Amino acid sequence: MPNHSILRLTSSLSQAGKTCFKFSWALACWSVCTWAQAALPIQHWTLPSGARVYLVESHAIPMVDVQIDIDAGSRRDPAAQAGLASVMAGQMANGTRAEPDGQGPYPKAMDENQIGEAWADLGASFGASAGGDRMSFALRSLSYPDLLDKAVALAARQMAHPAFPEALWLRDRERISASIRESLTKPGTLVQQRFAQAVYGTHPYGFRMTPESLSRIGVQGLQSLHAQALRACRATVSVVGALTRNQTDALVQRLLAQWPRESGCQSLPPVPEVAPLAAAQSLSVPFESAQAHVLIGQPGYKRTDPDFFALLLGNHILGGGGFVSRLTEQVREKRGLSYSVYSYFSPGLHAGAFAVGLQTRPDQAAQAVGVAKEVVQAFVRDGPTEAELLAAKSNLVGGFALRIDSNRKLLDNVANIAWNRLPLDYLDTWTQQIERVTAAHIQRAMVRVLQPDRMVTVVVGGQP
């Protein structure tokens, strides 16, 4: 960061009454003071391009965080090229083509080292990634105009004009393939892979990147996906930081200015829903390891499910609450079958998996699986006790401030609201939604979503 920027940053913190010596500590101080309350006004508007913008203004420190999401996650990967979205996002840091008009602060082509040095000089960061549902671009910068303008220009360039140099892709493809092969020597990776295949079947949520699927991805495939995916009309942009609405509007338009435009926004082809399981299935995979790795589960629910809060609380009581959950009490505390046992839902645009996970000695894996299944079955049948419900509500409501105690966490929440089209007052009413849930509500939701007699059980470890 240039010296004059450091001086101005120090001055800004001083004026705000901060006495911290490091910027990271200043951010932590500001987070605790500012976001302890839930009153978080989110502004929302749509640009002429069709991009939807969500903004939370915060002028306490000169920082801006931006996340751009598009419907180009791995659920849209061709089955034979599983991993395409993820590797395309990663390759966007390997170089950019020259500016088409030769203008701007970075007019010439840049290689991966020059890009890294440019971001380091700005004291800013930019990255691209792809999850199951969406591809995301994340920008973080100080809000001083001379720095932010250059950061926006560089991010816009990196998104719109990646070079995808073939030599670097071939290098990275070998590195990623080697990493995948090495990961498959670990039981934890193997159990996740077999579980996903069994739960999702042929749905794209079950696709996994392999050396074989990577070998089918060439530079042309990366270029083709990039050309198809980046459309301003499909972009959802979340912003948290020291900008006004007018400044944010201008910033987003600059970020997306070089994306392809089209008259009207053509709908993407639909992705099928995750099929429910027809019957229970047990997979035992021999593996020479000290611990057997166990996953038990099924397809769960979509993020838009109206019973989201009941299922969130229910899972917290069942196995998501750590050492105070039912699974921990029965599997660990009473029987000593596992040091850690947990459960989770992973809702998305489609029904993400529900899973119970644990590790245990191979010789007691069958007993641990039996106990875990009994706990799930009883919870689905009977629901929680009032004491369990009260404790879970207290824990979740009491920890709400920790969900939004930094710029990054707040941006994650705003992006979640934006992507899933949740109400703008979602964070303001979060605790009230939790408080409204009853034990009967949880029991009804669990019965509707979970079928303990049709779950998949995968055990990796021990002999057949």
> Helix by helix, which DSSP H runs in the chain go 20 Å or more along their axis at the Cα atoms and have an average Kyte-Doolittle hydropathy of 0.0 or more?
Replying inline: 145-160, 365-382
> In what sequence, highest mean first, do 86-93, 382-389 appear when ranked by Cβ atoms within 10 angstrom?
Replying inline: 86-93, 382-389
> Over the C-alpha atoms of segment 148-237, what are the Rg and the largest Cα-to-Cα span, Dmax, in Å?
Replying inline: 17.1, 48
>> Using DSSP to call loops (not H, G, I, E or B), can you name the trypsin sites (Lys or Arg not before Pro) in segment 58-125 whose Cβ has at most 14 other Cβ atoms within 10 angstrom?
In response: Arg97, Lys108
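Normalising by the residue count of the chain, find the relative contact order in percent from Cα pairs under 8 Å and 6+ residues apart.
21
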> Once amide H atoms are placed 1.01 Å from N in the peptide plane, what residues at a sequence separation of 5 or more from Ala98, or on another chain, have their amide H within under 5 Å of its amide H?
Replying inline: Ala109
> How are the Cα pair distances of segment 281-460 distributed, in percent, across 10 Å bins from 0?
Replying inline: 9, 35, 34, 18, 4, 0
> Amide H neighbours of Leu358 under 5 Å, counting only residues 5+ apart in sequence or on other chains, H built in-plane at 1.01 Å?
Replying inline: Val294
> Which of the peptides 65-73, 116-124, 432-440, 52-60 is most tightly packed, and how do the rest follow, going by the mean number of other Cβ atoms within 10 Å of each residue?
Replying inline: 65-73, 52-60, 116-124, 432-440
>> Can you order the peptides 159-165, 230-236 by their average number of other Cβ atoms within 10 Å per residue, highest first?
In response: 230-236, 159-165
> So how far, in whole Å, is the C-alpha centre of segment 215-233 from the one of segment 94-137?
Replying inline: 17
> To the nearest Å, what is the center-to-center distance of segment 157-184 and segment 45-91, using C-alpha atoms only?
Replying inline: 20
> So if we plug the beta-carbon distance of Thr46 and Asp172 into 1/(1 + (r/R0)^6) with R0 = 30 Å, what FRET efficiency do we get, rounded to 0.05?
Replying inline: 0.25
> Whose amide H sits under 5 Å from the amide H of Val285, counting only residues 5 or more places off or on another chain, with H placed in the peptide plane?
Replying inline: Val459, Val460, Gly461
> Tell me, what ³J(HN,Hα) does each residue in segment 331-337 have, in order and in whole Hz, if you take phi through Karplus 6.51 cos²θ - 1.76 cosθ + 1.60 with θ = phi - 60° and put x for Gly and Pro?
Replying inline: 7, 8, 5, 7, 10, x, 8
> Assigning unit charges at the beta carbon (Lys, Arg +1; Asp, Glu -1) and nothing else, what dipole magnitude in debye, to the nearest 20, does the chain show about its Cα centre?
Replying inline: 300
> So between Gln223 and Asp363, what do we pick up on full extension, going 0.36 nm a residue minus the alpha carbon distance?
Replying inline: 45.3 nm
>> Between segment 291-307 and segment 337-394, how far is it from one alpha carbon centroid to the other, in angstrom?
In response: 10
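For segment 311-413, run through the trypsin sites (Lys or Arg not before Pro) and keep only the ones in DSSP coil with at most 11 other Cβ atoms within 10 Å of their Cβ.
Of the trypsin sites (Lys or Arg not before Pro), the ones in loops of segment 311-413 whose Cβ has at most 11 other Cβ atoms within 10 Å are Lys334.
No value in this document is a laboratory result; all are computed from the given coordinates. Not measured: the values here are computed from a predicted model. Cβ: placed from backbone, ideal geometry, glycine included. Neighbour counts: every protein chain shown.
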